[in-house]
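Read the structure below first, then the notes.
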């Protein structure tokens, strides 16, 4: 995953032929896209590039969501919740 700070929110998904045949690559990109759309409101503005790795398609949605959220948190792109008084 790559992140570049910017003025608008852009996103790209990629999967190389090392992942597998077209069906497997498309499934990996669909999975990444679904995780991104679930977390889009929590993210800061910027450009994101998600790169599918070979073991991604073997994991379930919840595991991928957990891993992506962890990575986004490490990049410090998760919006902080305002403190309620």
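Derivation of every value follows stated rules applied to the coordinates shown; laboratory data play no part. No experiment lies behind these values; they were computed from the predicted model shown. In this analysis, Cβ positions are derived from the backbone assuming ideal geometry, glycine residues included, and neighbour counts consider all displayed protein chains.
Under the simplified labelling scheme, the residue 14-residue 1 pair shows an inter-label distance of 1.7 nm, with each label point 7 Å from Cα along Cα→Cβ.
Over the chain, DSSP H runs of length four or greater, each weighted -39,500 (n - 2.57), average out per residue to a 222 nm ellipticity of -12500 deg cm²/dmol. Of all beta bridges that DSSP places with both ends in the chain, some 50 percent have antiparallel geometry.
Once C-alpha pairs closer than 8 Å and six or more residues apart are averaged by separation and normalised to the residue number of the chain, the relative contact order reads 40 percent. With both labels modelled 7 Å from their Cα along Cα-to-Cβ, the residue 58 to residue 24 distance reads 1.0 nm. Going from the residue with the fewest nearby Cβ atoms within 10 Å to the one with the most, 41, 67 rank 41, 67.
Where (1) 45, 11, 10; (2) 54, 17, 7; (3) 26, 14, 10 are the candidate values, the label of the one calculated here for semi-axes √(5λ) of the Cα gyration tensor in Å is (3). Residue order for 16, 47, fewest other beta carbons within 10 angstrom first, comes to 16, 47. Say each of residue 37 and residue 74 gets a label point 7 Å from the Cα, pointing the same way as Cα to Cβ; how far apart are those two points in nm? Those two pseudo-labels are separated by 2.7 nm.
Between helix 22-39 and the chain there is an angle of about 10 degrees, using the helix long axis and the longest principal axis of the Cα atoms.
When 19, 45 are arranged by Cβ crowding within 10 Å, least crowded first, meaning fewest neighbours, the order is 45, 19. A straight line joining the Cα centroids of the stretch 58-77 and the stretch 2-36 runs 13 Å.
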